[in-house]
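To keep things clear, I will list the structure first and then write my remarks on it.
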Amino acid sequence: MMTTGHEPLLERANRVLATSPLIDGHNDLPYALRERVGLRIDEVDLRQRVDGLDTDLPRLREGRVGGQFWSVWVPPELPEGSALAMALEQIDLVRRLADSYPEALRLAATADEVDAAFADGRIASMMGMEGGSMIASSLPVLRQVHAAGVRYLTLTHWRTTRWADAATDAPRHGGLSPFGVEVVREMNRLGMLVDLSHVAPSTMAAALDASAAPVIFSHSGARAIADHPRNVPDEILRRLPENGGVVMAVFLSGFVSADGGHRFREEEAAEAAWHADHPDATRDGARAWRTAWRAAHPSPTADLGQVADHIDHLRRVAGVDHVGLGSDFDGGDPLPVGLEDVSRLPRLVAELLRRGYSDDDVRKVAGGNILRAMRRAEAVAARLQAERPPSAATIEELDGAGA
């Protein structure tokens, strides 16, 4: 944990971040705003500190954030058509968010645009779509959300999709179905990063086999440190140097604490038992049960040092060139002590400096590695677009009529 005795390191961290952008891989502010005010985001003034949120403009500035991937997320249990409609609303919300605060935020879709926004004193605002259900098993939809500015797609959320297995649901495809492989190939052609947070290890391996461009994990931890199915096992981490990918370390205590995996499995078993006793339960009923269970069984709380422990492990196994930051601020679950909101990010960088990371190391972890992955994905896309046209494949053709 950082103390006042480490203030010189905090000053050093701030000096580094003043000249090199800190890029956070995952922030759920768009859905947190929707929960609070629906689509009327002008009813919340982010120019001042907003109680009940982890993120606002003053704290983004204090946290030295230079680039932010805003999460486009919808509940994973929605049918594909409903998920797509809500996703388009969330894309619109992110774009209106940037338009509402032009003095602070600027939409960015390429690494060069991130650099230009940072040089102009703006926070580069990018979009990541968190859950493959939102493309409605359609490559034309994938292309349209890319055209709208989405620059990564998380292949699943908590539930297995029609074409990819999730880490927290029953497997159906052995990783990726043939259509899932085609999704990865088309993402490579577009220059959209393949995000492997939330997916099963079999899906991680299949995506690494299929991808010609670096993959990312937008908000994941090291499974060797915290045995949660959402975290990344070492056998996958060892493959990242060859692929060029980046694991962006998550902050949420449930994924960081060594007790988080046990609590997840306990909740999973309790929920399965509840559904067995309530076979006709509605989605709202299940949500109410889940809220009550979590209130009675609070998640363990981690601290900043434990987040740094995950980063240390990622660095040891994958290498310092393959580590980033993916906070999951405003995404629920207790945040670590010392990382209670976005303003605290420089304290994590200071902790890495305390542990012996060089200034160049922290520049890479803070944002340099994800910018490199973006540039590589853009170069691969330029090559592939010259080699092949947009894919016209459908899930029915590749996976069969019953897919």
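In this structure, R40 qualifies as more than 19 Å from D341 (Cα to Cα), basic (K, R) and open to solvent by 20 Å² or more (accessible area, probe 1.4 Å).
Restricting segment 199-237 to residues that are open to solvent by 10 Å² or more (accessible area, probe 1.4 Å) and under 18 Å from D328 (Cα atoms) leaves a set whose member that is modelled with the lowest pLDDT is P229.
For segment 272-356, the helices (runs of 4 or more DSSP H) that sit wholly inside it and include 1 or more residues that are more than 23 Å from H219 (Cβ to Cβ) and open to solvent by 60 Å² or more (accessible area, probe 1.4 Å) are 283-296, 345-354.
Take S71 and tell me if it is buried (at least 19 other Cβ atoms within 10 Å of the Cβ), farther than 19 Å from H219 by Cβ and among the hydroxyl-bearing types (S, T, Y).
Numbers: buried (at least 19 other Cβ atoms within 10 Å of the Cβ): yes; farther than 19 Å from H219 by Cβ: no; among the hydroxyl-bearing types (S, T, Y): yes.
Here the answer is no, as S71 does not meet what is asked.
Among the strands (runs of 3 or more DSSP E) confined to segment 56-147, the ones with at least 3 residues that are closer than 20 Å to S327 by Cα and within 18 Å of the chain's Cα centre (by Cα) are located at 65-72, 123-130. Return the pair list, or none, for Cβ contacts closer than 8 Å from residues in segment 249-266 that are crowded, with 18+ Cβ neighbours inside 10 Å to residues that are in a helix (DSSP H, G or I) and aliphatic (A, V, I, L, M), at least 6 apart or on different chains. Within 8 Å, the pairs are A249/V307; A249/I311; A249/L314; V250/V256; F251/V307; V256/V307. Within the set R172, R159, the sole residue that is outside any helix (DSSP H, G or I), surrounded by fewer than 22 Cβ atoms within 10 Å (Cβ to Cβ) and under 16 Å from the mean Cα position of the chain (by Cα) turns out to be R159.
With open to solvent by less than 20 Å² (accessible area, probe 1.4 Å), on the phi < 0 side of the Ramachandran plot and in a helix (DSSP H, G or I) as the only criterion, which of E186, E182 stands out? Result: E186 is the single residue among E186, E182 that is open to solvent by less than 20 Å² (accessible area, probe 1.4 Å), on the phi < 0 side of the Ramachandran plot and in a helix (DSSP H, G or I).
The values are calculated or read from the model by the stated rules, or taken from the named source; none is laboratory data. Here the structure is a predicted model, which is why all the values come from computation and not from measurement. Don't worry about glycine lacking a Cβ; one is built from the backbone with ideal geometry, like all the others, and counts go over all protein chains shown. Surface accessibility is based on the protein's heavy atoms, side chains included, excluding ligands, DNA and RNA. Shrake-Rupley method; radii C 1.70, N 1.55, O 1.52, S 1.80 Å.
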